[in-house]
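Report on the following structure.
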Amino acid sequence: MLHQTTILALLALMVNGYKIPDEHSINYRPIIGVIAQESDSNLKQYGDTYIPAAYFQYIEMGGARGVPILVQKDAEYYDKMFDSLNGILFPGGGVSLLISGYAKAAKIFFDKAVKAYDSDGDYFPIWGTCMGFQILTAMTTGKDLLTYFDAEDIALPLKFSSDFEKSHLFKDLPEDVYQYLSKRNVTENFHHYGLEPSMFDATPDLNKFYRVLSTNEDRSGKEFISTMEAIKYPIYGTQWHPEKPNFQWNTHYHINHGPDAIRVAQYFASFLVDEARKSNHRFSTEEEEIDSLIQNYQPVYFHDQTFESMYFFNYTTNPRVNLN
Ligand SMILES: *[C@@H]1O[C@H](CO)[C@@H](O)[C@H](O)[C@H]1NC(C)=O
Ligand SMILES: *[C@@H]1O[C@H](CO)[C@@H](O)[C@H](O)[C@H]1NC(C)=O
């Protein structure tokens, strides 16, 4: 069956012609940073900070490479990283939205990205997943506005907002991905906190900056915002985890590994990397680029953790990062 949207797309194509982006402005070697966070008492023995490996695998699935962004570094390091990278991912985890090293590093990138876009249209995409989504709400308000939710280990379809099709994130959503996202249990929720739509509506610092693209209900029927994007900037957040279906296999959890969930995950990874291809930041030398990549580190595998493979970093050792 030829779907209605396919016919509409064909008509639009005949009217507008197919626009191939100017090849010279596309960065075919995008590199995305992922921010580290402080280890809790169980993980401390492996390193002061960590990044779940799934976030790097997710970026690679979309066609980019990944660089770890360490916390508690000096301003020079973050300046250098911002000028060298094509986007940044704020991963899930469990540290303070306001005072952790993760939050402070995330804020530096957030402020730089907004300033760069405002001053000369410089495009630097930011993606926040789970706690990264929550951090995005703290960035614009300076507050932790979250409340408790019962939404650990639950896969759900999205309840799209009425004008979701006008968003950057969903305007080119393929029909099959739309069907999976709206009907199947393909978004993996692993959170005890979230943002209520009423809080969003009552907070100008949030609703002037972001638009809500979807909501969901936790086990008790309480509604949380599940997907949002910035109105003016390439900044996106999902309370759920698009990196889990492909890369997290612990049978303790109920992660959907079906082709519907995998297809959805691949859509979001491709979207993020497409956004990163619009950035032409780069490392000043190839050596510097190579030395910064996550490939210089060894992950530790835990079959029984929420995040199964993790990269660890210590504050005092900083192997192979050669930034001058
Ligand atoms: C960090 O330091 C601790 C204690 O010296 C050590 O056991 C651990 O292997 C180190 N981790 C990394 C990633 O260097
Ligand atoms: C999706 O998950 C919900 C909550 O766990 C469950 O009630 C529902 O039956 C699931 N739907 C499908 C299509 O698997």
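The values are calculated or read from the model by the stated rules, or taken from the named source; none is laboratory data. These numbers come from a predicted model, not from an experiment. All Cβ positions, even for glycine, are placed from backbone atoms using ideal geometry, and neighbour counts span all protein chains on display. Only protein heavy atoms, including side chains, enter the accessible area calculation; ligands, DNA and RNA are left aside. Shrake-Rupley method; radii C 1.70, N 1.55, O 1.52, S 1.80 Å.
What the table below lists for this structure:
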item	result
First in region 137-150 and farther than 13 Å from residue 235 by Cβ and assigned to a loop (DSSP other than H, G, I, E, B), second anywhere and open to solvent by 30 Å² or more (accessible area, probe 1.4 Å) and of a type outside the set (A, V, I, L, M, F, W, C), Cβ under 7 Å, 6 or more apart	146/193
Qualifying positions in region 38-63 - away from ligand 1 (no atom under 14 Å from the Cβ), within 17 Å of residue 296 (Cα to Cα) and open to solvent by 10 Å² or more (accessible area, probe 1.4 Å)	57, 60
Residue that is farthest from ligand 2 (Cβ to nearest atom) [pool: residues in region 178-189 that are crowded, with 22+ Cβ neighbours inside 10 Å and closer than 23 Å to residue 126 by Cα]	181
So residue 132, is it modelled with pLDDT of 95 or more, under 22 Å from residue 180 (Cα atoms), crowded, with 19+ Cβ neighbours inside 10 Å and in contact with a Leu (Cβ under 8 Å, 6 or more places away or on another chain)	no
Strands (runs of 3 or more DSSP E) within region 222-324 that include 1 or more residues at pLDDT 95 or above, within 13 Å of residue 54 (Cα to Cα) and away from ligand 1 (no atom under 16 Å from the Cβ)	none
Filter pass, residue 175 being open to solvent by less than 40 Å² (accessible area, probe 1.4 Å), at pLDDT 95 or above and of a type outside the set (Gly, Ala, Ser)	no
